[in-house]
Structure formats: C-alpha cells, structure tokens
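All remarks here apply to the structure that follows.
Just so it is clear, none of the values below were taken in a lab; they were calculated from the coordinates. The model shown is predicted, which means the values in this text are computed figures rather than measured ones. Note: ideal-geometry Cβ built from the backbone for every residue, glycine included; neighbour counts use all protein chains shown.
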Amino acid sequence: MNPEFGDGNTMLDLVLQQEKSLRFASFTMEDGWKLGLIIRDRVTEHGGNAAVDITVGGVQLFRCAVGVPTPNNSRWIRRKMNSVLENWKSSLRVTIEMEMANRTLEGFGMSTAEFALSGGSFPIWVEGQGVIGTATVSGLPQTHDHQMVAESIAQMLTVSVPNILQPGK
C-alpha cells in the first residue's frame, strides 16, 4: 500500500464519507466557474504549483494555472478525469481500491495512456442525475490534490467533510 495512504481502509472510509456528502442538488455553468475560483484560491493559499479544471458534460467550464505548473499537469488532469468518469468515483478512491485489491488499470481494460491511478479528480455528482462532470487539481501530492477539491466542494455546499490529510480531526 502506498505510504501516502497510511491505513488504506481508514483512508478509503474517509473518501467514501466525502463522496457521499459532496453531492449537488443542481449544478450550472456559473457554479462551475464559482467552484473553479474557490479551488484556485485554496491552491494559491497552499502555495502550490498546480493546474485546476472543472469540466461538465465534456465542456470545460474553468481552467487555470496556479504558481508554475508543468505541461504534464494537463495530461494528468485528462487521465484523472477519465478515471472518475469511467467509475463514478473520485480518482483517489479508484486508486486506493485498485491498490488494496492488488489490481492494475490494464486488468480492467483501461490504458495508462488514457486513465490514471492518482488522486485529485472528484466527481461532480447531481442528485437524480449522477456524475455530470469533474473537478480536478494536478500538481500537488495526490492526497493534497484530492483534499483541495473536496474542501472546495464542501465550502460551496456549506457542509463539513473529513480531512484525509488529518484523519480523526
């Protein structure tokens, strides 16, 4: 198990709690812009170098760079997004579940050129519709990418979620 995940079962439980709590009643194009700005502000406060993306229904609603991200961050965003859209789970959850089961992307017919086992992309889930898009950060350590997005969605929904970086707090 990746040491970044600590106890995989605990990390998985926290991510599942986040996913269950972070669902929208509705989501508009304007909401995509607002969420992107919230994430951008959080990454800026963190002092990281990252790219931020909000995509809904194949339409990119928000994209920006914070600090000095690399061109590789765009490829990671696309691959993380694909993992979310294929599984309707956060890319971190897919990563943890695959590692815990000792499985690979290839074992599920998923190419590493198109999909990534790395946290940082979170489903935009609308009640009654399912996953309509993704909110993604790429450039920080994968658990930080994930937590930035989860905390930003929680802020927008005015709910609290567990912090995977500080379990138990």
Length-normalised contact order for the chain - Cα pairs under 8 Å, 6+ apart - percent: 28 percent
Packing-based exposure ordering (other Cβ within 10 Å, fewest first) of 40, 103: 103, 40
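Fewest Cβ neighbours within 10 Å first, please rank 35, 140 accordingly.
140, 35
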Within the chain, helix-based [θ] at 222 nm, where runs of 4 or more DSSP H residues each add -39,500 (n - 2.57), nearest 500: -14500 deg cm²/dmol
Region 27-119: C-alpha gyration tensor shape, a/c 1.5 cut-off, then a/b vs b/c: prolate
Residue exposure sequence - 158, 44, 136 - by fewest surrounding Cβ within 10 Å: 158, 44, 136
Only Lys, Arg (+1) and Asp, Glu (-1) charged, at Cβ; the chain dipole about Cα centre in debye: 220 debye
Inter-centroid distance (Cα atoms) of region 54-110 relative to region 126-169, Å: 13 Å
Sparsely packed GluC sites (Glu not before Pro) within region 73-152, loop by DSSP, other Cβ within 10 Å at most 15: 114, 127
